[in-house]
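The following block contains the structure, expressed as structure tokens.
The values are calculated or read from the model by the stated rules, or taken from the named source; none is laboratory data. Not measured: the values here are computed from a predicted model. Quick reminder, even Gly has a Cβ in these numbers, built from the backbone with ideal geometry, and neighbours come from all protein chains shown. Quick note on the areas: whole protein, heavy atoms, side chains included, nothing else; ligands and nucleic acids left out. Shrake-Rupley method; radii C 1.70, N 1.55, O 1.52, S 1.80 Å.
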Amino acid sequence: MQDLDRIRSEALAEIAASQSLEQLDAVRVAALGKKGSITGLMKSLGAMSAEDRKAAGAMLNAARDEVSAALDTAKAVLEAGALDSRLARERIDVTLSARPETQGRIHPISQVMDEMSAIFAQMGFEVAEGPDIEDDFHNFTALNIPQEHPARQMHDTFYFGEKADGSRHLLRTHTSPVQIRTMVANKPPIRIIAPGRTYRCDSDMTHTPMFHQIEGLVIDKTTHMGHLKGCLMEFVTTFFEVDEVPVRFRPSFFPFTEPSAEVDIGCSREGGELKIGPGKGWLEIGGSGMVHPNVLRACGLDPEVYQGFAFGMGVERMAMLKYGIPDLRTFFDSDLRWLKHYGFVPFDVPTLSGGLTR
Ligand code: DAH
């Protein structure tokens with residue numbers, strides 16, 4: 001028992017000197033473990049007389065409790081210190097940009113279709129879809145383009161093989177068949193846009209066999225051409241993100257609209273730079289008009305009751321004008337350098353509140 005005082009004060013000194021949880025645990029094992037110094041003294045109690053045991057036992061218990069309490073306190077201090085240093089070490093600067101930088105880019109076609117959809121959605125248009133593989137009825141006949149109509153030749157259609165009944169499926173030459181599908185399936189009021197792929201057997205500097213259009217259709221009982229013009233004027237200023245874009249309606253012909261108009265927007269070309277806005281020039285951006293009574297009739301709507309407007313625009317053209325992309329064919333080259341240059345960061349989803357482009 002003479003050793004107890006020394007063992008006790010050595011253990012307390014070692015506890016006080018411990019720098020880490022590992023060191024502290026080593027002290028605990030050396031004093032209180034199975035083969036520890038204090039445990040060893042406990043074992044020697046059995047060989048003592050009852051009286052000696054009582055006195056020695058009380059001293060041993062007190063020493064053990066004291067060492068044990070000192071261990072607990074030191075452990076708590078070391079643990080708190082370990083947490084503090086870990087927090088300091090793992091501090092993250094949330095103002096740093098993400099690493100590595102996002103690699104993928106949104107293609108300008110997808111971006112522009114998203115931008116257009118956001119603008120028309122704000123005006124109350126829904127997005128409608130139709131199949132790329134169409135039939136004659138939806139792509140032509142119901143749109144007031146009968147069998148021998150010259151407009152069929154103008155469309156340079158890709159046809160599939162003839163079926164037993166002589167009919168052929170085709171790749172839609174415009175997004176206008178979505179008008180038909182929408183009017184057949186829904187009662188007015190109708191207010192939709194239909195962005196999507198279109199196909200024509202045509203390939204040169206300014207044509208690709210696959211391209212994109214966005215179709216618009218509004219049908220109710222009172223919509224007139226003034227609404228069409230207002231709608232497109234609102235659209236172009238929002239889309240091009242400029243204060244003023246002059247809009248001109250040029251009389252034209254489409255079988256599915258009467259009257260029909262081509263839509264031009266104002267531009268200037270100074271120092272070789274094309275700028276959308278007031279200026280001397282005009283750029284065509286699409287076709288439009290009041291839906292032809294024959295089209296309404298083909299969809300089972302009474303033209304004496306219902307009327308409305310339609311429009312169609314080329315998506316590549318809008319992308320080229322807005323983002324200064326000079327060559328149509330580069331859209332479909334799948335050149336990663338091009339995509340890196342003209343593409344958009346995936347997190348910058350176009351919205352009217354957050355901004356179409358950032
Ligand atoms: N479908 C026409 C085309 O591809 C574009 C178009 C013109 C659509 C006038 C329309 C419209 O809805 O009213 O050339």
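Within the chain, how many Lys pairs that are eight or more residues apart, or on different chains, come under 29 Å at the alpha-carbon?
Lysine pair count for the chain: 18.
Follow-up question, since we're still on this one. What's the extension gain from Glu129 to Glu79 if we count 0.36 nm per residue and subtract their Cα-Cα distance? The partial results should precede the final answer.
Working: separation 50, 0.36 × 50 = 18.00 nm, distance 6.15 nm.
Going from the current span to full extension adds 11.9 nm.
Next question. If you count only protein heavy atoms and use a 1.4 Å probe, how large is the accessible surface of Cys267, to the nearest 10 Å²?
Probe radius 1.4 Å; accessible area of Cys267 about 0 Å².
Hey, what do the phi angles of the stretch 146-151 turn into as Karplus ³J(HN,Hα) couplings, whole Hz, using 6.51/-1.76/1.60 and θ = phi - 60°, x for Gly and Pro?
Running phi through 6.51 cos²θ - 1.76 cosθ + 1.60 with θ = phi - 60° gives x, 2, 9, 5, x, 4 Hz.
OK, next. For the chain, what does -39500 (n - 2.57) per DSSP helix run (n ≥ 4), summed and divided by total residues, give at 222 nm, in deg cm²/dmol to the nearest 500? Write down the numbers at each step before the final one.
Values: 12 runs with 147 residues, N = 358.
Taking each H run of at least 4 residues, the total per residue is -13000 deg cm²/dmol.
Still on this structure, I have one more. Compute, for Val349, the solvent-accessible surface of its heavy atoms (probe 1.4 Å) with the complete set of protein chains present, and express it in square angstrom to the nearest 10.
Accessible surface of Val349 is approximately 90 Å².
5 Å is the cut-off here: which amide hydrogens, built 1.01 Å from N in the peptide plane, fall below it relative to Cys299, excluding neighbours closer than 5 in sequence?
Under 5 Å from the amide H of Cys299 lies no amide H from a residue far enough along the sequence or on another chain.
List the residues, sorted by chain then number, that are 5 or more residues from Trp282 or on another chain and whose placed amide H is less than 5 Å from its amide H.
Cys267
Give me the dipole magnitude in Debye, nearest 20, for the chain about the Cα centre, with unit charges on the beta carbon: positive for Lys and Arg, negative for Asp and Glu. Before the final figure, lay out each step's value.
Working: 38 positive and 49 negative charges, 142 e Å.
Roughly 680 debye, rounded to the nearest 20.
For the stretch 29-51, list residues with backbone N below 14 Å from a point placed 7 Å from the Cα of Glu66 toward its Cβ?
38
Set Lys and Arg Cβ to +1 and Asp and Glu Cβ to -1, take the dipole of the chain about its Cα centre, and tell me which of Gly272, Ala16, Gly343 lies farthest positive.
Towards the positive end, the residue furthest out is Ala16.
State the extension gain, in nm to one decimal, for the chain segment bounded by Arg269 and Gln122, taking 0.36 nm per residue of separation less the distance between their alpha-carbons.
Numbers: separation 147, 0.36 × 147 = 52.92 nm, distance 3.14 nm.
Result for the pair: 49.8 nm of gain on full extension.
Could I ask something else about it? Run the accessible area of the stretch 1-87 with a 1.4 Å probe and give the carbon-and-sulfur part as a rounded percent.
Working: 3180 of 5650 Å².
C and S atoms contribute 56 percent here.
Would you look at the GNM of the chain, springs on alpha carbons closer than 10 Å, and say which of Ala298, Ala121, Ala58 moves the most?
Ala58
So how far apart, in nm, are the two label points at Asp202 and Lys54 if each is 7 Å from Cα heading toward Cβ?
With each label placed 7 Å out from Cα toward Cβ, I get 11.5 nm.
With a 1.4 Å probe and every protein chain left in place, tell me how much accessible area Tyr199 has, in Å² to the nearest 10.
Only protein atoms counted, so the area is about 30 Å².
Next up: Pick out the long, greasy-scoring helices in the chain: whole DSSP H runs spanning 20 Å or more along their own axis by Cα, mean Kyte-Doolittle at least 0.0.
Once both thresholds are applied, what remains is 108-122, 225-240.
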